[in-house]
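One structure is given here, and the rest of the page talks about it.
The values are calculated or read from the model by the stated rules, or taken from the named source; none is laboratory data. On a predicted model such as this, the values are computed, not experimentally measured, just so you know. Positions of Cβ are backbone-derived with ideal geometry, glycine not excepted, and every protein chain shown enters the neighbour counts. The area values use the complete protein model at the heavy-atom level, side chains included, leaving out ligands, DNA and RNA. Shrake-Rupley method; radii C 1.70, N 1.55, O 1.52, S 1.80 Å.
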Amino acid sequence: MLLSHALDRGVLVITVHQDPGIDGRATLLTRISDLVRACRPASVVVVLDEPAARNAVVGVILRVHRLCSRLGTLMSVATHSAPVRRALEAEADTGGTRLVVHARKDTAVAAACAAVA
């Protein structure tokens, strides 16, 4: 399973379970974008499980962030990988809503829930 999702107090929580690789990036982007468009949540948290926290995913997450900015949706990312967190923070688009990057899922979801409330 590439990803799963759940709604938590109005926050769409999408968990990417594995690295899609170079060839799977387009599929991952389409699946996440479709979920965001279909749910139209106030906030999205993308959780990158350890196997998914790779450079191939960074570009996908940055594109999803641009989509969320255009839709006016707040977006956060949670990953244990410090290099991935640094890459996301360094490369995030600053023209729209800010991309918030957390080390822990529970912190990211709690912050997103508070932002929605």
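Could you tell me whether any residue of segment 8-16 is in contact (Cβ under 8 Å) with a residue 60 or more places away in the chain, among the hydrophobic types (A, V, I, L, M, F, W, C) and part of a strand (DSSP E or B)? Yes: one or more hits. Filtering segment 60-81 to residues that are assigned to a helix (DSSP H, G or I), farther than 17 Å from V16 by Cα and aliphatic (A, V, I, L, M) leaves L67, L71. Taken together, the criteria place V47 among residues that are touching a residue at least 60 places away in the same chain (Cβ under 8 Å), surrounded by 20 or more Cβ atoms within 10 Å (Cβ to Cβ) and touching a helix residue (DSSP H, G or I) at 6+ places or on another chain (Cβ under 7 Å). Summed over segment 55-87, residues that are under 13 Å from L28 (Cα atoms) and either in contact (Cβ under 8 Å) with a residue 40 or more places away in the chain or in contact with a strand residue (DSSP E or B) (Cβ under 9 Å, 6 or more places away or on another chain) (or both) total 5. Anything in segment 9-30 that is within 23 Å of D106 (Cα to Cα) and open to solvent by 50 Å² or more (accessible area, probe 1.4 Å)? List them, or say none. R9, H17, Q18, D19 - these are the residues of segment 9-30 that are within 23 Å of D106 (Cα to Cα) and open to solvent by 50 Å² or more (accessible area, probe 1.4 Å).
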